[in-house]
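Everything on this sheet refers to the single structure shown next.
Only the coordinates and a few stated rules stand behind these numbers; no lab work does. Just so it is clear, the model here is predicted, and its values are computed rather than measured. Cβ placement follows ideal geometry from the backbone for every residue including glycine, while neighbour counts extend to all protein chains displayed.
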Ligand code: SME
């Protein structure tokens with residue numbers, strides 16, 4: 001996957017003054033899902049640090065029941081506490097995993113930092129087994145770096 005070729009479009013989208021932040025994130029999810037063949041579900045969760053819960057934001061793909069996830073629960077909830085990327089090559093091998101659909105085989109979650117604080121995450125589900133490489137991690141860290149600029153004002 002040539003991730004670098006996707007970056008100019010993402011920057012243009014996130015800098016589009018005509019769109020509200022939620023619209024930008026929605027279009028980003030739709031576009032990543034469309035462009036990257038093994039990204040089957042793409043979404044953002046945002047943290048409520050008082051309640052220690054994650055809340056589903058914009059997403060592309062199948063509707064999910066998991067709109068609120070407690071910190072510590074599932075892959076997403078673990079990333080809320082660890083502040084680290086979590087790559088799951090095979091979801092069936094995970095004990096602390098929240099299944100969304102039987103078609104999902106793998107998952108990657110990358111935290112979203114704004115001024116050093118973990119405010120949420122980007123979550124990708126794939127129908128392919130073990131598709132994610134370090135290139136996905138670096139790319140999604142870059143995406144979140146761009147997204148974090150939307151939260152600075
Ligand atoms: N599988 C996730 C739950 C969220 S869905 O993938 C949309 C988890 O274990 O945290």
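Numerical summary
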{"read-out": "Residue tally, condition more than 13 Å from the ligand (Cβ to nearest atom) and either under 16 Å from residue 58 (Cα atoms) or without any contact (Cβ under 8 Å) to a residue 60 or more places away in the chain (or both), over region 112-129", "value": "8"}
{"read-out": "Residues satisfying the stated conditions in region 95-118, i.e. buried (at least 16 other Cβ atoms within 10 Å of the Cβ) and not in a loop (DSSP other than H, G, I, E, B)", "value": "106, 107, 108, 109, 110, 111, 112, 113, 118"}
{"read-out": "Test: residue in region 59-71 that is closer than 17 Å to residue 144 by Cα and either surrounded by fewer than 16 Cβ atoms within 10 Å (Cβ to Cβ) or touching a residue at least 24 places away in the same chain (Cβ under 8 Å) (or both)", "value": "yes"}
{"read-out": "Tally of residues being in contact with a strand residue (DSSP E or B) (Cβ under 8 Å, 6 or more places away or on another chain) and within 12 Å of the ligand (Cβ to nearest atom) across region 56-99", "value": "25"}
